[in-house]
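**Q** Below are the structure tokens for one structure; questions will follow.
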Amino acid sequence: MIHYFLKRVISLLPVWIGITIFAFFLGLVSPGDPVYLSLTRDGITEPSEAMVNAKRAELGLDLPYHIQYVNWINRVIRGDFGKSIYDNEEIKAEMLRRMPVTLKLAFSAFVITVVAGLGIGAVMAATRDTILDRFLRQLCTLMVSIPGFCMAIILIAIFSECFHLLPTSGMEGVKSFIMPSLVLSMGTIGTSARLSRSNFIGEISKQYVLVASAKGMSKSFIGTWHIFKNAMIPIITFFGLYFAGILGGSAVIESIFALPGMGSYVIDAIYNRDYFIIQAFVLLTGTIYVLSNLLIDMLYFLINPRMKQGDSL
Amino acid sequence: MKMKRMEAMPFMILGAIVLITILAPLLAPFDPEMIDMQNRLSAPTAAHILGTDSLGRDTFSRVLYGGRQSILLAFAATLISMGIGTAVGFVAGYYGGKADLLITGISNVFLGIPGVSIMVAFAGVLGPGMNSLLIAVTVNSWVGFSRIVRGEVMQLKHANFIEGMKSVGASDGWIFIRHVLPNLSDSLIILFATKVGSVVLSVASLSYLGLGLQPPAPDWAIMISDARPYFREHPLLMAAPGAAIITFVWSVHAIGDYMRDKLDVNKGANDAL
Amino acid sequence: MHYDIQMADVTIEFALKSKRVSAVDQVNVTFKAGKITGVIGETGSGKSVLGMSILQLLPKQACISGTCFFGHKDLYALDAESMRKIRGQEIGLIVQNPNEALNPVRTIGRQLMEPLIKHFDVSRTEARKTVEAHLRCFGFEMPKKVMQQYTFQMSGGMNQRLIAIMGLICHPSWLIADEPTKGLDAILRRSIYDVFWEIRQHYTQSMIVITHDLFFAKKLCEQIVVMYQGEIVEIGEAKKVLTTPLHPYTKGLLMATPKAGMTPIPDHLNPSHESRCKFYSRCQFASAKCKVQFVELREIDPDTMVRCILYD
């Protein structure tokens, strides 16, 4: 177990370093000189060349790129993403305030995806080629095809404006997360349900299912205790991709529902061309994604006995 | 194999939407950007069959024009991604070794950043608009194609007929175009359809937030965003572009599903009995 | 209460996309309790389909007509729940491909225990004891360890024995074995023969063994049913059928065994549309009479039946 864990960490480390390089690169290519921008923030000062050079040296931006990168990484690891160009606030503090919101949203959407995706997939597989199966398959395609913001508007119209059940925006406890997480999970439910369906169906025709029926086990027993776990193993490997989709999509959904998460923070930052925030966002979502992948790998290890045997390593 | 009528529907709908989008300048009764403040928020009339928006622009004309930029963008960006991804994937799979290691490493990095984050990042750094979207989508999408191609090429590399081709001195490029590509076409088309659909969706999301395509361009997502304040009194303003975008994305996805099912059936045909 | 399995007018067809494919055609046969009956024939002769139909284990596309009486119950007419109670408890199944027959992510112990718990409602401890005893009986020296393991940790021979235990763990009165030797090497085939001998000695004498392995059939079976393209072409005592076969097809099968020099049955000797006999096109004994006469299964003596006009 520990051996496998370390192995995964070592293989994910280059990915994480790549993400940091990408984030660093974003800072480099951003138009406009951050030094100049930070000096002219008040809109009055017209800095002299000497002031700009002094500030540049102070920020370490006159050094070669690879040294700048190392310095930057050193700061970033300690959580120091710099200050917002726009309002001079510490990005770290703001991100720390907002990260729980995004994580809660992404996590609840992820749970909905897994439960609904597997559930609908299992129903479709059990009722294969019947009207219900065809209907659900069309529904899945439709769910993948509706833009999140359209769905958000429809839900707001029904649940907030018509029945006054749920808040349209802002933070009012658990209630505020219901619609956003539903909208956020909608697309991935469609994809994961289709995937689950084909995996379940693939397992149904395996010989161990026939053997279990021949032993006199009931359909529900075979579905729960035999097919489910087998079908889960390949599905789990897709959880990481779903989580990435959800995490990315949360930026848009947070803005629509005015949730104070990392996503709405970065969208505001784009309006203001606040590059350090964008950089921090890319880095943080990338890191969360890498960590969640590590978690999924461990889950895969736990559920698949073949891994413990060391056969597939 | 002959298609049933139901199966042909997404193809026909997609064809119709693409045709209408291309021919929009000929079909549209009004200039989609012509402002007519005398006639704002009018209900459907004989002249304005879907009514007008808050600036008096003809909704029908705007819906006809509304897919031009995002569909073009989606197709162009996905085609470029497919080109890059296929070439890169072929190099990685066919030559293996260090090239493969490097390419796989880079792919893993791009797989490690959520797609919308990349789009947000480029929109932020390069400023919103067509160009940054095009770059962002390409940066984000090539990985999917290269992975499929790499896997397939690695499998095919040792197939007897490829070894045979090599022994009679066929060039690598020739082998790729004549023998590897045809084997890949189905999975590439499926991925292409899925990508076009998801690109149109994410571009729409960004445009809706004002980070993608910019007003006053007639775009479905921008129309929906503009119509938001008038939603209750003038639902048609939002419903028309909403229906257009959903129908388009649905037809693309349905084609992808159809191809996937067909592929599954062909694969599963042998173990039917 | 050992009942015979009596099949009457059994026809099984598969409804595929555009056409119906006939797998079993008007079969009438009685499998006698207390005897091992071998069903032999080439791949596609319908022998496996016939065997699986007894336990209603055919895919959904299969349409069955006719009756299959087991005592006073028609197995084809049973509802799912009554059928479930028959499976494993009264009629067990031993499948082919032992390496793929067990659930790869469920421990062997659980898979062996679950039918006991389901059918007899025994406690887990009791079930565990029963399974351990059976494992020991079939040559597993450390049953406790095996029960914790998974199928991919076992060798082919071990899996084959586990599959056999799985079929008989509830001590059913009947066993159906579907191609138990298919795709196995000589050493494994030999060990399977031992397994079946063990079963016959200690568990049940009533068996239907579906196989294309004539050597195996000869050693194990008392009665033989020969199938060709969904029809029974010959029924008889095993010794007789496999030494002095009557039907030209059975003769051909015997000639095709390694011992007899592996002479294959020829193809396209005669245009097939000329006769209603399904074997006509490949038959060396075909004559003008075959073109006109209707062939049906007829009795030669009380134990022997053959479908060929040579014996009119």
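A short reminder: the numbers here are calculations on the coordinates, not readings from a lab. Source: prediction; values computed, not measured. Ideal geometry is used to build each Cβ from the backbone, glycine not excepted, and the neighbour counts take in all protein chains shown.
**Q** May I ask you to list the aspartates and glutamates whose Cα is less than 19 Å away from that of C:Lys17, ignoring any residue fewer than eight positions away on the same chain?
**A** Once the sequence-local aspartates and glutamates are set aside, what remains near C:Lys17 is A:Asp129, A:Asp133, B:Glu7, B:Asp261, B:Asp264, B:Asp271.
**Q** Here is a further query. Excluding residues fewer than 8 places away in the same chain, name every one of the lysines whose C-alpha is closer than 24 Å to that of C:Lys218.
**A** C:Lys32, C:Lys35, C:Lys47, C:Lys182, C:Lys239, C:Lys240, C:Lys251, C:Lys259
**Q** Further question on the same structure: Report Rg/Rh for the range B:42-88, rounded to two decimals, where Rg is the Cα radius of gyration and Rh the Kirkwood radius.
**A** With Rg and the Kirkwood Rh in hand, the quotient comes to 1.37.
**Q** Return C:Leu50, A:Leu132 ranked ascending by Cβ neighbour count within 10 Å, so the fewest neighbours appear first.
**A** Going from least to most buried by this count: A:Leu132, C:Leu50.
**Q** Based only on other Cβ atoms within 10 Å, what is the fewest-to-most ordering of B:Val88, B:Val199?
**A** Going from least to most buried by this count: B:Val88, B:Val199.
**Q** If you don't mind, another one. Sorted from largest down, what three extents in whole angstroms do the Cα atoms of chain A have along their principal axes?
**A** Its Cα atoms span 86, 56, 28 Å along the three principal axes.
**Q** Within chain A, what is the number of lysine pairs with alpha carbons under 14 Å apart, leaving out pairs fewer than eight places apart on the same chain?
**A** Lysine pairs meeting both conditions in chain A amount to 4.
**Q** Follow-up. What's the extension gain from C:Asp74 to C:Lys259 if we count 0.36 nm per residue and subtract their Cα-Cα distance?
**A** Gain on extension, C:Asp74 to C:Lys259, equals 62.5 nm.
**Q** Using only Cα atoms, find the angle between the long axis of helix A:228-256 and the longest principal axis of chain A, and express it within 0 to 90 degrees, rounded to the nearest 10.
**A** Between the helix axis and the principal axis of chain A, the angle is about 40 degrees.
**Q** Moving to a separate point now. Under a plain spin-label model, where a point goes 7 Å from the Cα along Cα-to-Cβ, how far apart in nm are A:Asp268 and C:Lys144?
**A** Placing both labels 7 Å beyond Cα along the Cβ direction yields 6.4 nm.
**Q** Looking at chain B, I'd like the Rg to Rh ratio, where Rg is from alpha-carbon atoms and Rh is Kirkwood's inverse mean 1/r.
**A** 1.07
**Q** Additional query: Could you compute Rg(Cα) / (2.2 N^0.38 Å) for the range C:22-141, with N its residue count?
**A** So the Cα radius of gyration is 1.24 times the expected 2.2 N^0.38 Å.
**Q** Follow-up. Just from its helices, what would the mean residue ellipticity at 222 nm be for chain B, if runs of 4 or more DSSP H residues each count -39500 (n - 2.57) and the sum is divided by every residue, rounded to the nearest 500 deg cm²/dmol?
**A** Taking each H run of at least 4 residues, the total per residue is -23500 deg cm²/dmol.
**Q** Restricting to DSSP H runs of at least four residues, report the calculated mean residue ellipticity at 222 nm for chain C, -39500 (n - 2.57) per run over all residues, nearest 500 deg cm²/dmol.
**A** Result for chain C, helices only: -10000 deg cm²/dmol.
**Q** Distance in nm between label sites at C:Ser22 and A:Leu302, each 7 Å beyond Cα in the beta-carbon direction?
**A** Output for this residue pair reads 5.7 nm.
**Q** Under Stokes-Einstein, with the Kirkwood radius over Cα pairs standing in for Rh, what whole-number D in µm²/s applies to the range C:1-57 at 37 °C and 0.692 mPa s?
**A** Translational D for this selection: 260 µm²/s.
**Q** Divide by every residue of chain A the summed helix terms, -39500 (n - 2.57) for each DSSP H run of at least 4, and state the resulting mean residue ellipticity at 222 nm, rounded to the nearest 500 deg cm²/dmol.
**A** After summing the helix terms and dividing by residue count, I get -24500 deg cm²/dmol.
**Q** I would also like to ask the following. Using only alpha-carbon positions, what ratio does the radius of gyration of the protein assembly as shown give when scaled by 2.2 N^0.38 Å?
**A** This ratio for the protein assembly as shown stands at 1.19.
**Q** Helix B:5-22 sits at what angle to the longest principal axis of chain B, using alpha carbons and giving 0 to 90 degrees rounded to 10?
**A** Result, in degrees: 60.
**Q** Per residue Cα convex hull volume for the range C:211-312, in cubic angstrom?
**A** In the range C:211-312, the Cα convex hull volume per residue is 94 Å³.
**Q** So what are the three principal axis dimensions of the range A:173-313 from its Cα atoms, in whole Å, longest to shortest?
**A** 66, 35, 25
**Q** With a ≥ b ≥ c the root eigenvalues of the C-alpha gyration tensor of the range B:123-273, is it rounded (a/c under 1.5), prolate (a/b larger than b/c) or oblate?
**A** oblate
**Q** Kindly point out which whole DSSP H helices in chain C project their C-alpha atoms 15 angstrom or further along the helix axis while averaging a Kyte-Doolittle hydropathy of 0.0 or above.
**A** C:108-120, C:156-168
**Q** Still on this structure, I have one more. Pick from B:Ile177, B:Ile106, B:Ile17: which is most flexible by mean-square fluctuation in a GNM of chain B where alpha carbon atoms under 10 Å apart are linked?
**A** B:Ile177
**Q** Moving to a separate point now. How would the range A:250-299 be classified by its alpha-carbon gyration tensor: rounded, prolate or oblate, with rounded meaning a/c under 1.5 and the a/b versus b/c comparison settling the rest?
**A** Verdict is oblate for the range A:250-299.
**Q** I want to verify a result. In a Gaussian network model of chain C, Cα cutoff 10 Å, which of these has the top mean-square fluctuation: C:Asp301, C:Asp178, C:Asp74?
**A** Between C:Asp301, C:Asp178, C:Asp74, it is C:Asp301 that shows the largest mean-square fluctuation.
**Q** Something else: If you take the Cα atoms of chain C, find Rg, then find the Kirkwood Rh from the mean of 1/r over all pairs, what is Rg/Rh?
**A** Taking Rg over the Kirkwood Rh, I get 0.99.
**Q** Compute the helix-to-body angle for A:91-126: its Cα long axis versus the longest principal axis of chain A, expressed 0 to 90° and rounded to tens.
**A** 20 degrees
**Q** What are the extents of the Cα atoms of the range A:57-123 along their three principal axes, in Å, largest first?
**A** Extents along the principal axes, in whole Å: 63, 27, 19.
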